[in-house]
């Protein structure tokens, strides 16, 4: 019995922000900060801030632009954060709205009726609330009356972990058609006043339709899935509803995305490379058979390293497509965006790997074959 990825969907926020726009806002903030704290900076009590540049961002990450759900407030040096109007409980939440749009795109691309869907998984890095589950809200918005739904979070690996969960559920007989949706509002957990990270993330939502082979003869057959986790303190986001229990008063920025970039590079790259290589060996797939790597879109240098290690040759974008330049790091959505945009050209029998990795550490590998 086989499981297939029969379709994908994508929702991209309409507002794009270039490196130049982001840097202009950041540098204005730096000037304001340094001016207000000039005396303390001169006395050595406060560390002065430094300007950034579009060239620095592209060289450090490969990112040229990204999409945001709230551009104007992010580019306001007096705010430097996304701002959205409060929505009532009777309105669709922002995560559910993005997930709904990605799911509709996926269903339209496959011609599948929502009544055929019997499970919905919302797998993403940052869930909007503790409850009710975003997935159940999405189920309601879609009118998926024959489905049940649940949320899951494995940071940037959420989509591949979700695909594995869906594949295992279908193999067990508990479902036949499952939507795995990854709505990511990464701008919401980013400190736009931090020179080292303010440029990293973008917002987007993806959807993958995972089905029993009897439901579809198009798309990609899932040959195997493999997930690994290993605890690390080097990538964190401490923001959550339990923060209110702390007796200390802290700036919310202390709770947002933080990472030790050098340690992440040093530790994650061999973990991911070994995961893919060992997974291929266990599945009797040679690296010469691989036609495509759809990697997590966190950093261009990381993807170049992993691609070279796995494929045994110099990096080429035709082998490992890059969407970082347009989308930035969209967390769990990144590898799926790459798959969505750069998979239709492969031929029947071609083999590829969808791989994502991130905080945890966590990493997921999905080996697929074009039908």
Inset, instruction - Take the alpha carbon atoms of the stretch 201-228, find their center, do the same for the stretch 310-331, and report the distance between the two centers in whole angstrom. - result: 19
Legend entry - Point-to-point label distance, residue 39-residue 84, nm (Cα→Cβ direction, 7 Å offset): 4.2
Inset, instruction - Could you grab the relative contact order for the stretch 221-370? Cα pairs under 8 Å, six or more apart, rounded to a whole percent. - result: 35
Inset, instruction - Any chance you could check the Cα centroid distance between the stretch 267-300 and the stretch 134-198 for me, in angstrom? - result: 23
Inset, instruction - Using just the helices of the chain, give the 222 nm mean residue ellipticity in deg cm²/dmol: DSSP H runs with n ≥ 4 each add -39,500 (n - 2.57), and the total is spread over all residues, rounded to 500. - result: -10000 deg cm²/dmol
Legend entry - 296, 67 arranged by Cβ crowding within 10 Å, fewest neighbours leading: 67, 296
Legend entry - Taking 284, 105, 90, 116 and counting other C-beta atoms within 10 Å, the order from fewest to most: 90, 284, 116, 105
Legend entry - For the stretch 221-370, alpha-carbon Rg relative to the globular expectation (2.2 N^0.38 Å, N residues): 1.16
Legend entry - Using alpha-carbon coordinates, inclination of helix 261-282 to the longest axis of the chain, degrees: 0
Legend entry - Residue exposure sequence - 335, 365 - by fewest surrounding Cβ within 10 Å: 365, 335
Inset, instruction - Please report the relative contact order for the chain, taking Cα pairs under 8 Å with a sequence separation of at least 6, and give it as a percent rounded to a whole number. - result: 23
Legend entry - Extension reserve of the residue 174-residue 217 stretch, reckoned as 0.36 nm per residue once the Cα distance is removed: 13.4 nm
Inset, instruction - Treating each Cα of the stretch 38-181 as an identical point scatterer and ignoring solvent, apply the Debye formula and state log10 I(q)/I(0) at q = 0.10, 0.17, 0.20 Å⁻¹. - result: -0.52, -1.04, -1.24
Legend entry - Alpha-carbon Debye profile of the stretch 87-167, log10 I(q)/I(0) at 0.11, 0.20, 0.25 Å⁻¹: -0.27, -0.93, -1.37
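Read the figures in this text as sums done on the coordinates, not as results from a lab. In this text, all values refer to a predicted model and were calculated from it rather than measured experimentally. So basically every Cβ, Gly included, is an ideal-geometry build from the backbone, and we count neighbours across all protein chains shown.
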